[in-house]
Amino acid sequence: MPSQRPQPAGGDGDENKDIAARRLRQALDKAADYHKDKKEEGGAETTEKDAPVLMTEWSDLVSQRIEDAMRRGAFDNLAGKGKPLDLEQNPFVPANQQTASRLLKNNDLVPEWIAARREVLSARDRLRNELKQAVAAIRQQMDEVSDVEERARLSQSWKRWLNAWHSRMEDLNYRIMIQNLKQPVRHLEIYQLLLRDELVRAGADAAWQFDLR
């Protein structure tokens, strides 16, 4: 005859179910009591239905919570209360560099990467101004010259200038790359220059943007 699998005693299973049911009822009762207490305290808890939707509503809620905390005296014994703020400490400078930062500030100096950044930006502005002047000059010469051979000579001269500008921008872009690696703040990144974009900025016609060798 095949053996029969032993069945668990019915009493143990029913007892476990009763225990789980009691624990669930206790948890639900505690949650209900908690919400009831919060509601009796004056509605300090914000339900999902009453939660602010607009930013202005959130701002009003935050202001209300701050005022409630002030009335309860939550801000009465804060450290440094009544004392002037210590503006010598720069919150953006690591603790081990505060002394060096203070010395630079007191002597009207700036960190090396800031000085280098200013130099790179000045070099970029100078190059753009020179390119703008060169574009204006070649435009004027092209307008004044009608001879075909002379215009061809000006075109060849302009092409040599473009290659020279391209080399200068490559050098400046290398400095920009090094500077971006030095800077501790990502949003201060300096964008590298593209000759064709800079020609458009300077007002060059599309016909002047020759292919570079």
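Say we look at segment 76-93 and pick out the residues that are of a type outside the set (S, T, N, Q) and surrounded by 10 or more Cβ atoms within 10 Å (Cβ to Cβ); which of these is nearest to the chain's Cα centre (by Cα)? Taking the candidates together, the pick is V93. Sort out which residues of segment 124-136 are surrounded by 13 or more Cβ atoms within 10 Å (Cβ to Cβ) and under 26 Å from the mean Cα position of the chain (by Cα), and write them in order of number. Within segment 124-136, R124 is the sole residue that qualifies.
If you go through segment 153-174 one residue at a time, do you hit one that is assigned to a helix (DSSP H, G or I), under 30 Å from P111 (Cβ atoms) and hydrophobic (A, V, I, L, M, F, W, C)? Spell out how you get there, then give the answer.
First, the residues of segment 153-174 that are assigned to a helix (DSSP H, G or I): 153-174.
Going one step further and asking which of them are under 30 Å from P111 (Cβ atoms), we end up with 168-174.
From the residues that got through so far, the ones that are hydrophobic (A, V, I, L, M, F, W, C) too are 169, 172.
Scanning segment 153-174 turns up at least one residue that is assigned to a helix (DSSP H, G or I), under 30 Å from P111 (Cβ atoms) and hydrophobic (A, V, I, L, M, F, W, C).
Checked against the criteria, I138 does not count as touching a residue at least 40 places away in the same chain (Cβ under 8 Å) and under 21 Å from W113 (Cα atoms).
Answer with yes or no whether R117 is in contact (Cβ under 8 Å) with a residue 12 or more places away in the chain, more than 20 Å from L188 (Cα to Cα), out of contact with any Leu (no Cβ under 6 Å at 6 or more places or on another chain) and in a helix (DSSP H, G or I). Spell out the reasoning first.
On the way: in contact (Cβ under 8 Å) with a residue 12 or more places away in the chain: yes; more than 20 Å from L188 (Cα to Cα): no; out of contact with any Leu (no Cβ under 6 Å at 6 or more places or on another chain): yes; in a helix (DSSP H, G or I): yes.
No.
Being in a loop (DSSP other than H, G, I, E, B) and at pLDDT 90 or above is the filter here; which residues of segment 190-204 pass it? Within segment 190-204, I190, Y191, Q192, L193, L194 meet the criteria.
The values are calculated or read from the model by the stated rules, or taken from the named source; none is laboratory data. Note that this is a predicted model, so its numbers are computed, not measured. Neighbour counts run over all protein chains shown; Cβ positions are idealised from the backbone, glycine included.
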